[in-house]
Amino acid sequence: MVRPAPLQGSLRRSAQRRPPGQSRLANALLVTATALVWLAPPAAHAQRVVRKIGDICPMGYVDMLNGNCSTLGLMRYTVQPTNGQPCLEGWMNVGGGYCRKK
């Protein structure tokens, strides 16, 4: 049985190369997807500690004097920042720049 001659180095490398635009397109899609994930607003979830936005903490939270407000582990509230807008339907304003889910 006769074995075929091994491929030359340049032939082997050229067979593994992608078309010129394919790797750039893949990189662009990856960068775009990553940016969208980082720029998307965070989903509201139950929080024991939130960042202090203004001068006061939201209702039910205690100022920890380090830029955070905490429930001291007693409760978990689902809160989200108001960003200067009125609270959405089903949410109530609890001060400190936050809305809490009813």
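The values are calculated or read from the model by the stated rules, or taken from the named source; none is laboratory data. Computed from a prediction, not measured in an experiment: that's the story for all the values here. Ideal geometry is used to build each Cβ from the backbone, glycine not excepted, and the neighbour counts take in all protein chains shown.
Looking at (1) at pLDDT below 80; (2) of a type in the set (A, V, I, L, M, F, W, C); (3) loosely packed, with under 11 Cβ neighbours inside 10 Å, find the lone condition where ALA26 falls short.
That leaves (3) as the condition not met.
Of all the residues that make up the stretch 37-54, how many are at pLDDT 80 or above, in contact with a Phe, Trp or Tyr (Cβ under 9 Å, 6 or more places away or on another chain) and assigned to a loop (DSSP other than H, G, I, E, B)?
Residues meeting the conditions: 3.
Test GLY9 against the criterion of being modelled with pLDDT under 90 and in contact with a Gly (Cβ under 9 Å, 6 or more places away or on another chain), and give yes or no.
no
Being small (Gly, Ala, Ser), under 23 Å from the mean Cα position of the chain (by Cα) and assigned to a loop (DSSP other than H, G, I, E, B) is the filter here; which residues of the stretch 55-95 pass it?
GLY67, GLY84 - these are the residues of the stretch 55-95 that are small (Gly, Ala, Ser), under 23 Å from the mean Cα position of the chain (by Cα) and assigned to a loop (DSSP other than H, G, I, E, B).
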